[in-house]
Structure formats: structure tokens, C-alpha cells
Amino acid sequence: MGKSPIIFAHRGASGYEYENTISAFDKAVELGANGIEIDCWLLKDGSIAIHHDRFIHTAGKFPKNISKMTKEDLNCIQLPNGSTIPLIQEVFGRYKTSRDLNGVPIKFSIDLQDLKVGMVLARIIVELNLVDRVYLCSHNVVSLHRIRKYHPRIKLIASNVEKIVNKSKFPCVQDFSSINILAINLEGKIITDAILDKIRKYSYQVFIWGLHSANSLQKCLKFHPNAIYTNYPDIAFELINHNKINDTSHA
């Protein structure tokens, strides 16, 4: 087995704690994850909130569009685990000095949930000197183009782009050629050798998401991805270490 993949704890260690909360991120660090995956939205006041869905559902009230809220509005909302929705500055501040089991600084994979949040995030990670530790992920080519024009070294990941990957002329000029993306991030259940060959032919790294069981992890680890996303980083570590031992014993 080659170099181990980056293990991103999906929305934190969300198999154990409520997703996209400080407790889930703390658990991910405790379990030794190489990185934390989060979802970000730009709020009406310019703050950046960490939450997966556009609409926030609260008991007895109509769903609220998170992009039309402020950080003060979020402070009034209690999540099922009793916590509030965190902001990106809180997460960067809390984990900027955190390290994984190998002593390497924790990485951040951020899903850009709207068209505006990417540029705001890009400026923040440059200001905080986190360019080498943050991966900005989006399915929107326009958003990725804007970020690339702003900064040449920010790590950009094209996520959920199955239709583009399956084009006969991949990567087509208008999609990826001028963005200089680092990787293609695809759901584990659609991965095939043919898709991987196409991606690697153009020297893109392979990231795989949706690996939330031992079976799905084992299946996709055989493809030697560069990064994986799982709710259970501890199980991923166990399988990777087990595979290493088996490879050594058969060498």
C-alpha cells in the first residue's frame, strides 16, 4: 500500500457527535483525524457559519434561510446537542495549533455552500496563513475560477462533478484547465477503475467522500485515494493500519 490518504472527519467525527459542532470537531481531533471537513455559508452580516443545510429547522417555527441570518440570529438557535452553530473564526482559532496522530497540523476541508462564501474564505485563510492547510471544495466552476484568480496557491477541489468527469473530452477548457485544481472529489459508491484512470490521466488527485462504514472504507481504500471523508476516522485508521500490516507480511 502506498502513502496513506488524508483522513478527513466528515462534519467532524459525526458518527459520534452532532455534525458540524465544536463537540464533533473536538472528537475528530481526539481520534487523531488528519483533517476536519466542514460546510460553510455566508451570513447576511458577512460572517461565515458552519452548517450543512440552507434552511435551519427549529421546533414550532418556519425554516429559516441561513444566508439571510446574522451571527446574532444564530446565537438564538440551539442545536439538538444543546450547542449553537459555530462560526469559521471560532473553528480556525480553536484548531489552528491542533495536530494529528503524526504531529502534523490539522487540515481543513471546506465545502462552499453558496457562491459568495468562497472569496470571503479565501481572504481569511490568506490572512491567517492557512493556505497550505485548507482545501476549498465546490461543484461550482464559476466559484472555483474566482478563487483561483484571487490566489494562485489556494488548494481547490472539484466536488460532485460526475457529469464533467464522464465527458469524453475531460477536462474541457471551460471547466478545469484554467483553474489548476488539486483534486476531484467523488462519492465512493460511484468510483470505478475507469473513472480513476480518467482522473489520474490528467494528474488530478483523487478524494473520495461518503465512506461511513467499514465495508465502504475497505472497498475504496483499495483504490489508493489521496484523501477520504468519513464519519468514523478511528475506523479508517484501523483499516489503513491493518492493510499496512498485511502488505508487510506479504512482501
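The numbers here are math on the coordinates, done by the rules we state, and not lab data. Bear in mind that the values here come from a model prediction, so they are computed numbers and not experimental data. All Cβ positions, even for glycine, are placed from backbone atoms using ideal geometry, and neighbour counts span all protein chains on display.
For n ≥ 4 DSSP H runs only, could you compute -39500 (n - 2.57) per run for the chain, divide by its residues and tell me the 222 nm figure to the nearest 500?
So the calculated ellipticity at 222 nm is -9000 deg cm²/dmol.
How compact and how long is the chain, expressed as Rg and Dmax of its alpha-carbon atoms in Å?
Rg and Dmax of the chain, Cα atoms, are 18.2, 61 Å.
Sorted from fewest to most neighbouring beta carbons within 10 Å, what does the list Cys220, Cys76 look like?
Fewest-to-most ranking of Cys220, Cys76: Cys76, Cys220.
Rank these for me by crowding, Val120, Val142, Val104, Val134, going from fewest to most other beta carbons within 10 Å.
Val142, Val104, Val120, Val134
How would Leu79, Leu186 line up from fewest to most surrounding beta-carbon atoms within 10 angstrom?
Ordered by Cβ neighbours within 10 Å, fewest first: Leu79, Leu186.
Take every Cα pair under 8 Å in the chain that's 6+ residues apart, average their separations, divide by the length, and report that relative contact order as a whole percent.
With pairs under 8 Å counted, the relative contact order is 20 percent.
Determine ³J(HN,Hα), in whole Hz, for all residues of region 226-243 in sequence, where each value follows from phi through the Karplus function 6.51 cos²θ - 1.76 cosθ + 1.60 and θ = phi - 60°; x replaces Gly and Pro.
Along region 226-243, the couplings run 7, 7, 9, 10, 8, 6, 10, x, 5, 5, 4, 4, 4, 5, 4, 5, 4, 5 Hz.
Under unit Cβ charges (Lys, Arg +1; Asp, Glu -1), what dipole magnitude, rounded to 20 debye, does the chain have relative to its Cα centre?
860 debye
I'd like to know which of Leu217, Asn241, Ile190 lies farthest towards the positive end of the charge dipole of the chain, counting +1 on Cβ of Lys and Arg and -1 on Cβ of Asp and Glu.
Ile190
State which entries of Lys3/Lys163; Lys163/Lys189; Lys27/Lys116; Lys3/Lys116 exceed 26 angstrom in Cα-Cα distance in the structure shown.
Check vs 26 Å cut-off fails for Lys3/Lys163; Lys27/Lys116; Lys3/Lys116.
Determine the distance separating the Cα centre of region 175-218 from the Cα centre of region 117-140; give it in Å without decimals.
Taking the Cα centre of each part, region 175-218 and region 117-140 sit 21 Å apart.
Fully extended, how many nm does the chain gain between His151 and Arg94 (0.36 nm per residue separation, minus their Cα-Cα distance)?
Answer, rounded to one decimal: 18.0 nm.
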